[in-house]
Structure formats: C-alpha cells, structure tokens
Amino acid sequence: MSVAHGTPLAALGWDRRLDALFAEHAARGLLPARVLSEQRGSYQVAGPTGELTATITGRFRNDVTRAEDYPAVGDWLALAPAVTGQALVQAVLPRRSRFARPARGDIPGAQVVAANVDMVFVVAALDHDFNLRRLERYMALAWSSGAEPVILLNKADLCQEVGERLAEVRGVAPGVPVYALSARDGSGIEPIEPLLEAGRTVALIGSSGVGKSTLVNALLGWQRQATRDVRADDQRGRHTTTRRELIVLPSGALLIDSPGMRAVGMWDVDEGLASAFADVEQFASACRFSDCTHGSEPGCAVQAAIERGDLAETRLHSQQRLARESAALARRVDPETRANSRRKWKAIHKSVRNHMRTKYGPEAG
Ligand code: GDP
Ligand code: ZN
C-alpha cells in the first residue's frame, strides 16, 4: 500500500523530537519527508503533500565524508521543494536508530540500510535450524541498532517442544519479549498485533529461510482482511515502478522490509553487547577488578556465578566471541569514522541502559 496523499506527518512516524530537529530547516522553507525506498541515488519519499521523488545534489555528494551520511530507507529528510522535476535533499535528520553494514567502495564507514526503526522483530525458526548461538548474535545486532528488540519464534507448527524452546530463548535474551507463532497458518500472530501501533516503525531481521517474507505477508493479509477501506485504496492502483521498502500497515504501523535489511550481519555490535548480555554484565559488575576478563582472576563474580550454576558458561563464551568478532570487523573500517560514530551512539546506548535499569533495577545495563 502506498502512503496516502496528504498523510499527516504523524502517520509517517513524525514526533516531537523531529519537530525540534527540523525547526532550523523549516525556517529555511524546507519540507520534511521520509524515505520509502532508494534506487540509484533517487529516493521515493512521503511528506505532508504525499509522495514524490527526491535526489541528492552534487553539493550534498561533495559534503559527504562517510557512507552513513547518505539517506537510507526510514530516514527523515529536509527537502528543497521541486519547482520542476525532483525535490532536492538538503539534509538527513539525525537518526534515532539505524541498521548498517560495511560500505562497499572507497568511501569509509558503514552503509545504513534502515533508519529510525522503533522496534525490531528478531525472527528465528523453531525447525531443525533452531540455534541459540545464532539468536544471541542477532540480539547483539538488534540492541546495537538502538531499536527495541522483540523475538518471534516462527514455525511453531513444526515444533513439539515450544515451551522448552521459549524458556531457552528467554535464558539468552534477558528482558526481551518472546512470542511463538506460525506465519504459515497464522496461529500466534494475534498477540503481536498490539505491537503494531500506528506511527511506530518496525523492521525484521533474521537468517534466510526463517519465514520473514511469510510473516510480512501474513501481517499484511491478515490486516487487510480487517480493514476494508485500505483494500479499496489499494485497488485504485496508485503504483509506481519502485518497490516501496517502507510500507504502511493497515494498523498504521510502518514496516521496513528492504533487501538491505536482509543482508545485515555482524557489524559494530559491541554497542549492543552490554544489553544483549545483561545477565553476564550484572555478575561482572561485582568482579573484584573492573577490567576482569573473567578468566582466572581472583574475585571473579562471573566465574563464581558459573560455578554456582546461576549463569551458563556458554553465555560468557558467546559474549566474548561476539566481542572479538565485532572488534575484528571494526578494525576494517577507518578508525576515525568509528570514533565519530561511537560518540553519536553513546546517547542511544545510554537510553538502552536506562531501559534495562527500568526492567531490572539499578544493577542492570
Ligand atoms: P525468509 O527467507 O525469512 O523470508 O523466509 P520465507 O518467508 O521465504 O520462508 C522460508 C520457508 O519457510 C518457506 O518455504 C515458507 O513457506 C516456510 N515457512 C514460513 N513460515 C512458516 C511457518 O510458520 N511454518 C512452516 N511450517 N513453514 C513456514
Ligand atoms: Zn570477572
């Protein structure tokens, strides 16, 4: 479904924070718009006057120093209104969250594949491919994005031990809501309906084959059935040749389903490791040495917790393995870029920690 003509900005996810961020651009007569899709430097966007096409200027290209400065699906832009032809991108508003992957080509930094995602559905399948270690990896990625993670265990129809699996998953994803469902037959989808709030931006990550497309179709199909006028709107056929990667669900939630999101892998996850391994971190805060490596140091509270059986040793190993992998990846990008991006992400990280503290008390996060 396309974003309807004249859609109020709130329906696209606009909020007070953006109001404040946009003030300087509004003063210059620029218009806000959100990126629905990107194709070779041309952006399909939606703003207060409906959909239009925007492009970046030569000057924008010159000013760009890092791959992540380019607009991505979900970004909010400040546009110079088009007199004829395409609107021109003047600025990309600061992102609340982002998914990225190492950029190709000679420009340093990360390529952002989705921006301003509020909630990320981490999809795993309850089939023979079910793997807690892989799920931990996706959780680190999810937490690092700045979006709020929710775990969806799909293909529950193929699993005889759903209860056990739920317990195992809760054990490796402290504080994260977990749902079991079957995208194929639709069972268990209803409980996630309240998550699809109007104006909230959601995205899906997970390995190929876990059922992300099936789930997207189920969400669309199931919601379409419940919303007649939306279907009517669809039949008017306001289509362009570009495939939209930010879709408005009939509930009013905004779903990002882009090929780029399918390709996100391990990238800069150390920002999310503390949250993804909040259980390990909580014990670690009681280690005698603040730089304890949880090896054979005296007074290691993590090793003590493992010995008592309060913490699975695999959790510590997973955290250490992911930290090593993330550090190795980080060395591949320009260190200065990384320093900049770390500063920018500190604030987001802090909000994640606060979230953990609200959930677990002052020790967490
Ligand atoms: P994606 O790569 O994550 O987008 O996965 P797809 O949506 O393409 O699904 C991969 C395969 O799993 C397809 O054959 C689907 O029909 C199947 N599948 C998806 N969801 C379910 C489910 O809930 N139960 C079962 N049994 N199969 C499913
Ligand atoms: Zn220790």
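The values are calculated or read from the model by the stated rules, or taken from the named source; none is laboratory data. Every value quoted in this text rests on a predicted model; they were computed, and no experiment measured them. No Cβ is skipped: glycine too gets one built from the backbone with ideal geometry, and neighbour counts run over all protein chains shown.
Every listed requirement among (1) at negative phi; (2) touching a Cys at 6+ places or on another chain (Cβ under 6 Å); (3) not hydrophobic (A, V, I, L, M, F, W, C) is met by residue 294 save one, (1).
Looking at the structure I just gave you, is residue 32 within 29 Å of residue 195 (Cα to Cα), in contact with a helix residue (DSSP H, G or I) (Cβ under 8 Å, 6 or more places away or on another chain) and in a strand (DSSP E or B)? In short, yes. One residue alone among 86, 90 is farther than 30 Å from residue 331 by Cβ, of a type in the set (S, T, N, Q), out of contact with any Lys or Arg (no Cβ under 7 Å at 6 or more places or on another chain) and crowded, with 18+ Cβ neighbours inside 10 Å, and that residue is 90. Selection of first residues in the range 169-193 that are at positive phi and of second residues that are surrounded by fewer than 20 Cβ atoms within 10 Å (Cβ to Cβ), restricted to Cβ pairs under 7 Å at least 6 apart or on distinct chains, gives the following pairs, ordered by first then second residue: 175/359; 175/360; 186/218; 186/222; 188/179. Screening residue 109 on (1) closer than 17 Å to residue 269 by Cα; (2) within 16 Å of ligand 1 (Cβ to nearest atom) shows it passes everything except condition (2). For the criterion of being assigned to a helix (DSSP H, G or I), at pLDDT below 95 and assigned by TED's automatic domain parsing to the domain that holds residue 147, residue 274 fails. A Cβ distance below 8 Å, combined with a sequence gap of six or more or placement on separate chains, defines the contacts here; from the range 281-299, residues that are more than 10 Å from ligand 2 (Cβ to nearest atom) reach residues that are assigned to a loop (DSSP other than H, G, I, E, B) in the pairs 281/364; 281/365; 282/363; 282/364.
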